[in-house]
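Here is the structure we will look at.
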Amino acid sequence: MSKIAFLGDETASLAFMGLGIAIYRVEPPEAAEIFSEIKGKFSIILVTESIYPRIKDSVEGVKTVLPAVLIVPDASGSTGLGFEKMKRLVEKAVGVDILSKKIHS
């Protein structure tokens, strides 16, 4: 298991074509089923922000380190979901919010 996969809509998948990444074009209703089928086959799975809410429970239920699920913006732009998830993980790891945009004086 050392491959990278992309799980998202057809438009967003265009950005990852030609990079040697396995592309899984999905619509939100089928995302959870496809994620369940591929999660044991890849080390990293890139997921668009529009698809992530459909697989969130499956991702959070994974008890292993792999696959790493990274949230990326889709063609309509970022909703901030990926950044917020990364911010929570960093805060959990270091014990403080180091990615906050607020400056404390």
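Among the lysines of the chain, pairs at least eight places apart or on separate chains and with Cα atoms under 14 Å apart come to 7.
Only helices enter this figure: runs of n ≥ 4 DSSP H residues, each worth -39500 (n - 2.57), summed and divided by the residues of the chain, yield -9500 deg cm²/dmol at 222 nm to the nearest 500.
Considering the values (i) 7.6; (ii) 8.0; (iii) 6.9, which represents mean projected area of the Cα convex hull in nm² as calculated for the structure under consideration? It is the one labelled (i). From the Cα gyration tensor of the stretch 53-105, with a ≥ b ≥ c the square roots of its eigenvalues, which class applies: rounded if a/c is under 1.5, or else prolate if a/b is larger than b/c, or else oblate? Oblate. What the phi angles of the stretch 72-79 give under the Karplus curve with 6.51, -1.76 and 1.60, with θ = phi - 60°, is a coupling list of 10, x, 9, 5, 7, x, 8, 9 Hz, glycine and proline written as x. Between Ile98 and Leu70, the modelled labels are 1.9 nm apart [label points 7 Å from Cα along Cα→Cβ].
Spin-label model, Phe83 to Glu27: label points 7 Å out along the Cα-to-beta-carbon direction sit 3.1 nm apart. Within the chain, which DSSP H helices have Cα atoms that stretch 18 Å or more along the helix axis and a mean Kyte-Doolittle hydropathy of at least -1.0? Sorted by number, the helices that extend far enough and score high enough are 81-94.
Read-outs throughout are calculated quantities, based only on the coordinates presented, and are distinct from any laboratory measurement. Since the structure is predicted, the reported quantities are computational estimates derived from the model, not experimental observations. Heads up, the Cβs are rebuilt from the backbone with ideal geometry, glycines too, and the neighbour counts pull from every protein chain shown.
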